[in-house]
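The values are calculated or read from the model by the stated rules, or taken from the named source; none is laboratory data. The shown structure was predicted, so the numbers you read here are calculated from the model rather than taken from an experiment. Here the Cβ positions follow ideal geometry from the backbone for every residue, glycine too, while neighbour counts run over all protein chains shown. These area figures cover heavy atoms from the full protein model, side chains too; ligands, DNA and RNA do not enter into them. Shrake-Rupley method; radii C 1.70, N 1.55, O 1.52, S 1.80 Å.
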Amino acid sequence: MMKFINRFLFIAIVASGVSAGATVIQAQQPKPKPTATPIAQDPDKVFIPINRVRLPITVVDKKGVFVSGLSKEDFLVLEDKVPQQIETFSDDIGKELPLWVGVLMDTSPSTAGKLKFEQESAMNFIQTVVRPRKDRVFFATFDHEINLRQDFTDRLDLLDRAVNSVKQLGNQTALFDAVWQFCDEKMRSVSGRRVLVVITDGIDTYSRADLRDAIDIAQRTETTIFAISTKAGFSGSVPGVEMGQPQDQKDRDLVKMADETGGTSFFTGDMLSLERSFTKIAKELRAQYLVTYRPSNDRYDGSYRRIDVKLGNGRGDLKIRTKRGYKAIVDTVKP
């Protein structure tokens with residue numbers, strides 16, 4: 001069973017090992033909101049306060065082409081409309097920092113008939129994006145239970161085995177709980193860039209967490225979410241769903257969850273389009289800028305802080321994607 005991380009302590013700078021194998025995280029009960037389980041402070045750990053915000057930033061032009069060559073002076077960061085002083089800036093984080101990627105696959109009843117499509121999607125993403133010996137991936141499934149099938153690893157054979165070992169579907173869908181738990185229990189304790197890829201039809205029937213909870217924990221653990229909708233399966237023939245366009249509230253929830261954390265959502269029904277999407281994600285993760293700043297408002301009062309990033313020097317024709325904000329709570333996130 002994975003160890004819960006206390007969201008209200010100071011950060012522990014420790015090296016943690018990983019283990020393989022399937023682990024049932026929790027059989028969800030649709031009752032109270034999720035909360036982290038407190039843990040005792042280890043006297044051998046070093047605790048330091050968290051007082052900086054880190055922003056992976058994607059910049060694209062009107063055609064969606066990633067824009068490189070920008071400098072620190074090109075960016076203006078505002079928190080609640082107040083300009084912030086940028087402390088550090090990097091334009092080569094794709095080379096410097098490892099990726100820690102979680103792939104979450106929906107195995108609820110509504111995905112019946114799409115399991116093979118989801119499995120191929122998961123492995124295509126892993127093979128396209130992950131760099132062996134540098135990046136790490138875990139693979140998990142969610143239905144009425146949340147199962148860690150393979151912990152963080154760079155071994156594609158272990159990931160392939162875990163993905164293809166999924167044979168049965170559950171009887172409910174705990175999408176938001178899965179996002180919440182893996183951000184809280186896995187992503188906050190790794191050092192580098194954190195990405196969740198959620199392969200789902202977007203229908204949640206069983207979570208204690210809601211959409212806002214999922215967005216909140218992703219923002220506070222600096223996790224970027226990419227959502228891949230499986231509504232159309234291979235054929236793209238699901239009524240009311242056009243390829244590339246969200247159609248209903250569940251679709252819009254996926255869009256919002258990705259947008260607010262700095263990611264993107266994809267609605268497609270064929271593997272060729274998905275492969276193009278995966279290639280785009282891989283390029284984006286190698287082309288991001290990284291900005292950090294210390295908020296001028298240093299009160300951790302639980303309020304929501306809105307983040308806006310703009311470009312100066314007449315670069316208003318470019319589009320910026322990053323997380324939209326965060327809740328000001330003293331938290332434990334590894335740098």
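Annotations for the structure displayed:
- Residues (buried (at least 19 other Cβ atoms within 10 Å of the Cβ) and either in contact with a Leu (Cβ under 6 Å, 6 or more places away or on another chain) or over 15 Å from K280 (Cα atoms) (or both)) located in the stretch 125-135: I126, D135
- Of everything in the stretch 103-119 that is assigned to a loop (DSSP other than H, G, I, E, B) and either farther than 24 Å from D177 by Cα or modelled with pLDDT under 90 (or both), the residue that is least open to solvent (accessible area, probe 1.4 Å) is K114.
- Enumeration of residues in the stretch 262-284 that are open to solvent by 20 Å² or more (accessible area, probe 1.4 Å), more than 18 Å from the chain's Cα centre (by Cα) and not charged (D, E, K, R): M271, L272, S273
- Criterion (of a type outside the set (S, T, Y), in a helix (DSSP H, G or I), modelled with pLDDT under 95 and within 17 Å of I126 (Cβ to Cβ)) met by exactly one of F182, F266, F278: F278
- Residue list for the stretch 176-231, filter: within 13 Å of the chain's Cα centre (by Cα), free of Cβ contacts under 8 Å to residues at least 40 places away in the same chain and farther than 15 Å from M105 by Cα: I217
- Applying the condition of being charged (D, E, K, R) and closer than 15 Å to M123 by Cα to the stretch 152-167 and asking which residue is nearest to the chain's Cα centre (by Cα) yields D154.
- Elements of type strands (runs of 3 or more DSSP E) contained in the stretch 290-335, each with 3 or more residues being over 22 Å from F226 (Cβ atoms): 304-311
- Restricting attention to the stretch 146-164, the residues that are in contact (Cβ under 8 Å) with a residue 24 or more places away in the chain and not in a strand (DSSP E or B) total 8.
- Selection count where residues are open to solvent by 70 Å² or more (accessible area, probe 1.4 Å), under 17 Å from D216 (Cα atoms) and in contact with a Ser or Thr (Cβ under 9 Å, 6 or more places away or on another chain), scope the stretch 285-326: 1
- Criterion violated by A122 - all others in (1) under 15 Å from Y293 (Cβ atoms); (2) open to solvent by less than 70 Å² (accessible area, probe 1.4 Å) satisfied: (1)
- Pairs where the first residue, in the stretch 127-145, is on the phi > 0 side of the Ramachandran plot and assigned to a helix (DSSP H, G or I) and the second is aromatic (F, W, Y) and open to solvent by 20 Å² or more (accessible area, probe 1.4 Å), C-beta under 7 Å, 6+ apart: none
- Qualifying positions in the stretch 189-207 - in contact with a helix residue (DSSP H, G or I) (Cβ under 6 Å, 6 or more places away or on another chain) and assigned to a loop (DSSP other than H, G, I, E, B): D201, G202, I203, D204, S207
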